[in-house]
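The values are calculated or read from the model by the stated rules, or taken from the named source; none is laboratory data. These figures come from a predicted structure and were not determined experimentally. Backbone-built Cβ (ideal geometry, glycine too); neighbour counts: all protein chains shown. These area figures cover heavy atoms from the full protein model, side chains too; ligands, DNA and RNA do not enter into them. Shrake-Rupley method; radii C 1.70, N 1.55, O 1.52, S 1.80 Å.
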Amino acid sequence: MGRAACGLLALLAFGVARPVGAENRVASNLSLYSDDDHTDVITSVTRVSGDPWSGGTLEASYLIDIISSASIDVVSSATDRFDEKRQAIGVGGRHDFGGKTLSLNYGYSHEPDYDGHGVGASFDMELAERNATLGLSYALEISKIGRSADPTFSRDLLTHAIDVKGSQILTPWLLADFGYSLGIQDGYTAKPYRYARIGAVVPGDDGLTGVSAVPEQHPDFRMRHALYGGLKAHLGAEHAVESRYRLYLDSWGLNGHTVELLGHLGWTRSFGARLRYRFYWQNAANFWQFQYDEPREFMTRDRELSPLSAHMVGLKVFGRIEDFWVFEALQLTAKFDGFRYSYRDFPLLPHRMGFVMESGVEVVF
Amino acid sequence: MKAGLTLAAVTLLGLAACVDNPPQALPQLDAPYYRCRVQPVVDARCSMLACHGDVRRPFHSFTRNRMRLVGSNEQRNLPLSAEELELNMKSALGFVDPAQPDESWLLLKPLDADAGGYYHRGKEIFQAGDVFLDDEDPDYVTIRGWIAGETEDPACVFAGTEGAQ
């Protein structure tokens, strides 16, 4: 798969004749995730895009990440550590019909215990003399969930995502955007490695298990709603401040609120930075319990379905150098996000702290 | 505008339903049968310290001379207590399906994949075949009998469990 993806990247980047004014781009990002729950992930993403015809763009991407984890989820099942590799490819294209853009994409992702195919389509249009935009998208993902090194385990999951979004220029310096997302999951959403615990904790076990344990069981159907919006105020030609809010509700009784504040700083047209702070809070899915008193039809110990809150701060800097070597431009980015999650009712891991560091380089030619 | 936002919020709240999650009774299986016939199988074939004699395993079992609930090293070989036997049986009950005995994890995990069993990491670790190579293994048949509802004389005694009746 890796060789085929590289061939496709080369074809798109160099083998396509391009119309006047078109741009070709090759970008590479490398990121490192690390947290104090003993999980590290290194991710590399390579993207190429080109404009083979007037108004049209084709793009392709290849992602590989390597995960090494001895998190509490792993250790509490008496497994020491696991290492895993994930690969994903994506191809897509879009065409601008003059104020209206149609995009199509396809992606494939593979892990030792997961295979997923995704297709998507989106339509965006400009309205009111380009003072407003409206977008509609749909994505379908067909997933096969397995169990590492277990050929006898296979479950299906179908995921639909519909997104309606818009933006409106309110004043020459103030922009509003808003949207609604509907997600539907139909199939197996549990983790085959995770067990719910029933009964009192056995003395001396540090809360890792209960009297009985049963394989995690989630409802087969989940409907997810998200309503979001933001305001972006430009302060002069180069700076802006932005605030965003997102309300999340789903059919498992989980409600979430996200507030995000961003500052965009542009010292010159080709060098700038973005600062951001994000706060997230959620209650628990209504069938979640750390320890069940009695068996239930649905049981989970997934801490991401428990009551939690999270803070994240981040800094991103970027620069662009025109006419660099044989290229039209070179763009460089560096990003650092630090986060802290608090799991109120999950005593095995009350807090999780970590960071994501990312660097990127993109050439335009 | 305000009325529209209120309507949207109410609609979203209405869409966010809750999962009906009634309690399920633990399977009611015969305790004497477990004590006298299943526990000896688990002792002999499952509850080594590197395997299910580890309380972190979702299925775990207390056994003489191995993992014990309480006590010192010198007390490790005492007969299993009534509490340990009860905990062992409850641990096993999490992996049985009396309505479809042959679909029970307690049978399918240790059954070799070639015989229709599930993946079992113990087979990889010890590289000596899975616990039950087929469903005719007498110990497999014993466990299946318990899940299917067979019973044992309440006065039955198995060596090592004398003090736990």
Inspect region A:286-305 for any residue being open to solvent by 20 Å² or more (accessible area, probe 1.4 Å), more than 14 Å from every other protein chain (Cβ to nearest Cβ), under 25 Å from residue A:183 (Cβ atoms) and assigned to a strand (DSSP E or B) and give the result as yes or no.
-> no
Flagged in region B:98-120 as loosely packed, with under 15 Cβ neighbours inside 10 Å and not polar (S, T, N, Q), in numbering order, are B:98, B:99, B:102, B:103, B:114, B:116
Number of the exception - residue A:325 against (1) in contact with a Phe, Trp or Tyr (Cβ under 8 Å, 6 or more places away or on another chain); (2) farther than 18 Å from residue A:197 by Cβ; (3) without any contact (Cβ under 8 Å) to a residue 12 or more places away in the chain | (1)
For region A:88-145, name all the residues that are in a loop (DSSP other than H, G, I, E, B) and either under 23 Å from residue A:53 (Cβ atoms) or open to solvent by 40 Å² or more (accessible area, probe 1.4 Å) (or both).
-> A:97, A:98, A:99, A:112, A:128, A:129, A:130, A:131
Is there any pair linking a residue in region A:52-69 that is free of Cβ contacts under 8 Å to residues at least 24 places away in the same chain and under 29 Å from residue A:40 (Cβ atoms) to one that is open to solvent by 40 Å² or more (accessible area, probe 1.4 Å) and of a type in the set (A, V, I, L, M), with Cβ under 8 Å and at least six apart or on different chains, and which?
-> none
Counting only residues in region B:121-146 that are outside any helix (DSSP H, G or I) and of a type in the set (A, V, I, L, M, F, W, C), the one surrounded by the fewest Cβ atoms within 10 Å (Cβ to Cβ) is identified as B:128
List the number of the failed condition for residue A:324; all other conditions in (1) over 24 Å from residue A:231 (Cα atoms); (2) within 14 Å of chain B (Cβ to nearest Cβ) hold.
-> (2)
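Would you pick out the residues in region B:84-93 that are facing chain A (nearest Cβ under 9 Å) and open to solvent by less than 30 Å² (accessible area, probe 1.4 Å)? Give the steps one after another, and end with the answer.
Kept after step one, since they are facing chain A (nearest Cβ under 9 Å), are these residues of region B:84-93: B:86-87, B:90-93.
Matches in region B:84-93: B:87, B:91, B:92, B:93.
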Subset of region A:309-342 (residues that are open to solvent by less than 70 Å² (accessible area, probe 1.4 Å) and of a type in the set (Phe, Trp, Tyr)) | A:327, A:339, A:341
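Can you confirm whether residue B:30 is more than 14 Å from chain A (Cβ to nearest Cβ), open to solvent by less than 50 Å² (accessible area, probe 1.4 Å) and of a type in the set (D, E, K, R)?
Working: more than 14 Å from chain A (Cβ to nearest Cβ): yes; open to solvent by less than 50 Å² (accessible area, probe 1.4 Å): yes; of a type in the set (D, E, K, R): yes.
Criteria met by residue B:30.
Yes/no per residue for (1) modelled with pLDDT of 95 or more; (2) at positive phi; (3) within 17 Å of the chain's Cα centre (by Cα):
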| site | (1), (2), (3) |
| --- | --- |
| A:102 | yes, no, no |
| A:106 | yes, no, yes |
| A:113 | no, no, no |
| A:137 | yes, no, yes |
| A:140 | yes, no, yes |
Just a yes or no: is a residue in region B:70-83 buried (at least 17 other Cβ atoms within 10 Å of the Cβ), in a helix (DSSP H, G or I) and of a type outside the set (Phe, Trp, Tyr)?
-> no
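Tell me the residue from A:78, A:22 that is within 20 Å of residue A:362 (Cα to Cα), at pLDDT below 95, hydrophobic (A, V, I, L, M, F, W, C) and not in a strand (DSSP E or B), please. Give the derivation first.
Working: A:78 fails: within 20 Å of residue A:362 (Cα to Cα).
Unique residue meeting the criteria: A:22.
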Restricting the search to region A:348-357, which residues are open to solvent by 50 Å² or more (accessible area, probe 1.4 Å) and either in a strand (DSSP E or B) or of a type in the set (Val, Ile, Thr) (or both)?
-> A:351, A:353, A:355, A:357
Assess whether residue A:345 counts as being over 17 Å from residue A:42 (Cα atoms), within 26 Å of the chain's Cα centre (by Cα) and surrounded by fewer than 18 Cβ atoms within 10 Å (Cβ to Cβ).
-> yes
Output the residue which, of all residues in region B:39-83 that are over 14 Å from residue A:212 (Cβ atoms), of a type in the set (S, T, N, Q) and under 12 Å from the mean Cα position of the chain (by Cα), is nearest to the other protein chains (Cβ to nearest Cβ).
-> B:47
